[in-house]
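Accompanying notes for the structure given below.
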Amino acid sequence: MASAETAAEHERILREIESTDTNCIGPTLRSVYDGQDHGLFMDKLEGRIRNHDREIEKMCNHHFQGFVDSITELLKVRGEAQKLKCQVTETNQKLQNDGKELLTSMDELRQCRLQQRNIATTIDKLTHCLPVLEMYSKLQEQMRAKRYYPALRTLEQLEGSCLPQAGSYRFCAIMAENIPRLRTHIRDVSMSDLKDFLESIRKHSDKIGETAMKQAQVQIARDNAVTSQQRSASGQRIRKEVCSGTEVDRNGSNPFSEKYSGILDVEDEEIPGAQDLVDFSPVYRCLHIYTVLGARDTFENYYRKQRRKQARLVLQPHSNMHETLEGYRHYFNQIVGFFVVEDHILHTTQGLVNRAYVEELWELALSKTIAALRTHSSYCTDPDLILDLKNLIVLFADTLQGYGFPVNQLFDMLLEMRDQYGEILLKKWNQSFRQILDQDNYSPIPVASPEEYQRIAGQCPFQDPELDKMPFPKKLPFSEFVPKVYSQLKEFIYACLKYSEDLHLSSTEIDDMIRKSTNLLLTRTLSHCLHYAIKKKNVGLAELVQIIINTTHLEQSCHYLEEFISNITNVPPDTINATKLYGTSTFKDARHAAEEEIYTNLNKKIDQFLQLADYDWMAAQGGGQASDYLSDLIAFLCSTFAVFTHLPGKVAQTACMSACKHLSTSLLQLLLEADVRQVSMGALQQFNVDVKECERFARAGPVPGFQGDTLLLAFIDLRQLLDLFTQWDWSTYLADYGRPTCKYLRVNPHTALALLEKMKDTSRKNNMFAQFRKNERDKQKLIDTVVKQLRNLIATNQA
């Protein structure tokens with residue numbers, strides 16, 4: 001069984017050896033040598049080899065004859081082949097000789113083709129490299145020319161398309177390495193240019209703002225060309241007041257002068273715009289560069305941050321800004337210049353600044369500007385400077401409004417400043433009024449010619465047909481004070497009108513503002529000045545009389561003043577809710593104060609004369625004529641009342657009555673004063689003579705207009721008292737006391753008792769001889785009896 005398997009295995013190995021490539025029989029043979037039947041395999045292998053040899057021998061025997069035949073034929077062919085070889089050799093030699101030139105030409109052709117290929121390759125490579133080199137050269141040229149934005153575009157094109165197409169060359173690698181450095185350099189240089197631009201516009205904001213305000217002023221002047229002609233026509237009408245008495249001084253200032261006169265000197269030449277004064281290319285270039293670099297947000301944040309800082313610097317006013325108009329102008333120019341630049345940036349760039357950012361800056365600027373103006377304008381005391389400042393603020397507001405910024409708060413602030421302006425005007429006019437009052441001579445104005453008369457009538461409304469009929473020279477009833485004050489009132493109205501112009505107020509609002517301000521001038525300033533003139537020391541009665549005459553004429557001119565305001569504001573005086581002028585009441589109050597001062601001064605003068613009284617209260621018998629002091633007093637009163645002829649009748653009558661009453665009261669007080677301890681009948685008789693002189697003066701009618709003996713009533717109390725004592729009619733007095741028909745109705749029992757006490761002889765108690773005089777004793781008893789009865793009468797009335 002084992003031998004059969006071995007034989008089969010050996011058969012398989014032999015077939016494998018026969019059919020397998022010799023390079024792969026190693027593992028097969030190894031399996032034979034590893035086995036136990038190596039000899040047996042070798043025997044089988046020898047047997048197989050012998051079988052194959054017998055088969056080969058059989059095959060060779062079978063083909064031997066054909067082989068011999070083939071050799072024989074081959075030998076025959078060898079001769080022919082030798083001949084053919086010689087012929088080929090000869091032909092080859094000829095061919096070689098003939099082909100040498102061709103080979104040379106072919107070699108030359110090959111070299112040319114190689115050169116052509118190299119040239120084509122070179123051209124192709126240069127075609128890709130030259131644009132890179134040209135673009136890099138262009139980049140260098142742009143960098144030298146500081147054209148950074150085109151350089152950045154070139155750099156982007158060089159990096160994006162040219163360098164990748166050029167291939168891997170060393171110079172390309174160098175260029176690629178330089179690209180980040182170039183970008184950084186361009187970014188830094190553009191940022192440096194931006195900083196220079198920001199510094200430049202900060203320095204030139206003043207000029208930019210001045211130019212913008214000039215442009216606005218020119219535009220407004222052009223827009224108002226037609227209305228200015230209308231104003232000129234209306235200005236001529238304004239200069240003619242109603243009733244030919246309100247004509248403006250021909251040399252006076254025109255209230256409708258140029259709106260911004262003195263604010264800016266505008267020439268007719270073309271004014272450059274902000275874009276003509278400022279080169280905005282740095283900011284555009286830097287914006288584009290940072291946009292290309294992908295850092296636009298960084299640039300926007302930096303720009304806005306720097307501009308906010310500049311805004312805070314611009315909005316910080318100088319400490320002495322309020323001293324001159326130039327300080328305000330410089331402040332406004334800087335603000336306008338700042339926002340003109342921002343407005344230009346807003347409209348010429350896409351997103352660098354937006355409307356919200358600009359509005360935020362404007363709100364900040366508006367609040368700080370208004371606060372600064374409120375602070376600094378409060379220091380101003382010059383109305384002309386305030387008016388110029390108002391015009392400058394209006395131009396400032398109109399300029400920025402033209403750029404789309406809301407300016408309502410500025411006009412609201414101007415309305416607030418109007419009150420301050422009014423107060424400053426009141427102070428200025430207070431000085432003017434006081435100067436007029438101090439310099440006035442309080443005498444009627446002499447007029448020597450019709451021209452002079454017309455000049456004064458043009459300054460102040462005045463109509464007097466009787467005076468017009470009088471020949472020249474003549475005198476006007478009032479003093480220089482009247483036309484000067486009236487002219488000052490109109491100048492004040494003009495000053496108020498100038499401030500109200502261009503504040504976007506209606507005619508009614510302007511009219512109301514002017515009337516209210518004029519009322520303040522009348523009721524506060526002029527009233528105080530008039531009272532100051534009336535109350536100041538050393539003012540005489542003649543001056544007070546002239547003040548009354550002056551205020552009367554000013555009071556009469558108030559309705560002309562009303563019409564004057566209506567004419568310049570084009571608001572009818574009968575408009576509903578129109579403010580009425582308080583001039584009439586002001587001048588009435590001043591006139592009443594002057595009247596009271598006249599009464600007071602007259603009384604003081606009377607008191608001064610009474611201080612000269614030197615009565616001998618113990619005189620045994622009275623004189624036959626009035627005392628010297630009283631004669632002088634009567635003479636003074638007569639001359640004084642003669643001056644009152646120009647006063648209204650009621651004023652003169654009141655002054656005369658007041659003086660007589662005061663004289664009567666003072667004489668009675670003189671008689672009853674405590675220093676006079678004893679009064680004799682002779683003294684009473686002299687006193688009676690003086691009172692009769694006073695009555696004679698009252699009866700003479702020093703002032704016309706009194707009916708009958710009305711003026712005598714001022715001395716009725718004194719007259720009844722003296723009659724009671726001189727006639728010694730005590731029985732009648734005591735019997736009729738309290739009756740309406742009593743003869744001595746005006747005699748007060750207390751007064752009578754006090755005077756009767758002074759008539760007692762206090763020295764008789766110390767004089768023993770006087771006690772033995774019967775007449776004296778009877779007289780004193782009678783006095784004691786009357787005193788007792790008077791006391792009983794007083795006690796009865798009190799009970």
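The values are calculated or read from the model by the stated rules, or taken from the named source; none is laboratory data. Note that the structure is predicted; figures quoted are calculated from it, not measured. Here the Cβ is made from the backbone with ideal geometry for all residues, glycine too, and neighbour counts use every protein chain on show. To get the accessible areas, we keep the full protein, side chains included, count just its heavy atoms, and leave off ligands, DNA and RNA. Shrake-Rupley method; radii C 1.70, N 1.55, O 1.52, S 1.80 Å.
In segment 408-447, which residues are of a type outside the set (Asp, Glu), more than 30 Å from Leu541 (Cβ to Cβ) and without any contact (Cβ under 8 Å) to a residue 40 or more places away in the chain?
Quick first cut of segment 408-447, residues of a type outside the set (Asp, Glu) only: 408-411, 413-415, 417-418, 420-422, 424-437, 439, 441-447.
Cutting the leftovers down to more than 30 Å from Leu541 (Cβ to Cβ) gives us 408-411, 413-415, 417-418, 420-422, 424-428.
Residue satisfying the conditions is Asn408 alone.
Conditions tested, residue by residue: (1) part of a loop (DSSP other than H, G, I, E, B); (2) more than 22 Å from Arg791 (Cα to Cα); (3) assigned by the TED database to the domain that holds Ser639; (4) of a type in the set (Asp, Glu).
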| position | (1), (2), (3), (4) |
| --- | --- |
| Ser666 | no, yes, yes, no |
| Arg677 | yes, no, yes, no |
| Val703 | yes, yes, yes, no |
| Cys742 | yes, no, yes, no |
| Glu757 | no, no, yes, yes |
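Kindly evaluate Ala457 against the criterion of being farther than 22 Å from Asn570 by Cβ, touching a residue at least 12 places away in the same chain (Cβ under 8 Å) and surrounded by fewer than 18 Cβ atoms within 10 Å (Cβ to Cβ). Even if it seems obvious, please write down each step before you answer.
Values: farther than 22 Å from Asn570 by Cβ: yes; touching a residue at least 12 places away in the same chain (Cβ under 8 Å): yes; surrounded by fewer than 18 Cβ atoms within 10 Å (Cβ to Cβ): no.
In short, no.
So which residues in segment 611-625 are closer than 22 Å to Met759 by Cα and either among the aliphatic types (A, V, I, L, M) or open to solvent by 60 Å² or more (accessible area, probe 1.4 Å) (or both), if there are any at all? Step through it out loud before you land on a result.
Step one: of segment 611-625, the residues closer than 22 Å to Met759 by Cα are 613-624.
Selection gives Ala613, Asp614, Asp616, Met618, Ala619, Ala620, Gln621, Gly624.
Report yes if Thr584 is among the hydroxyl-bearing types (Ser, Thr, Tyr), free of Cβ contacts under 8 Å to residues at least 24 places away in the same chain and open to solvent by 30 Å² or more (accessible area, probe 1.4 Å), otherwise no. Give the steps one after another, and end with the answer.
Numbers: among the hydroxyl-bearing types (Ser, Thr, Tyr): yes; free of Cβ contacts under 8 Å to residues at least 24 places away in the same chain: no; open to solvent by 30 Å² or more (accessible area, probe 1.4 Å): yes.
So Thr584 fails the test.
Of all residues in segment 275-307, count the ones that are within 33 Å of the chain's Cα centre (by Cα) and assigned to a helix (DSSP H, G or I). It would help to see each step written out before you state the result.
Step one: filter segment 275-307 for residues within 33 Å of the chain's Cα centre (by Cα), giving 275-280, 283, 300-307.
From what is left, the residues that are assigned to a helix (DSSP H, G or I) are 275-277, 283, 300-307.
The number of residues fulfilling the criteria is 12.
Which residue pairs have Cβ atoms closer than 7 Å, lie 6 or more positions apart in sequence or on different chains, and pair a first residue in segment 181-203 that is of a type in the set (Ser, Thr, Tyr) with a second residue that is assigned to a helix (DSSP H, G or I)?
Once the first residue is of a type in the set (Ser, Thr, Tyr) and sits in segment 181-203, its partners that are assigned to a helix (DSSP H, G or I) give Ser190/Tyr148; Ser190/Arg285; Ser190/Cys286; Ser190/Ile289.
For (1) in contact with a Leu (Cβ under 9 Å, 6 or more places away or on another chain); (2) under 29 Å from Glu210 (Cα atoms), each residue gets a yes or a no:
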site: Asp388; (1), (2): yes, yes
site: Asn391; (1), (2): no, yes
site: Tyr403; (1), (2): no, yes
site: Met417; (1), (2): yes, yes
site: Tyr421; (1), (2): yes, yes
site: Leu426; (1), (2): yes, no
site: Leu437; (1), (2): yes, no
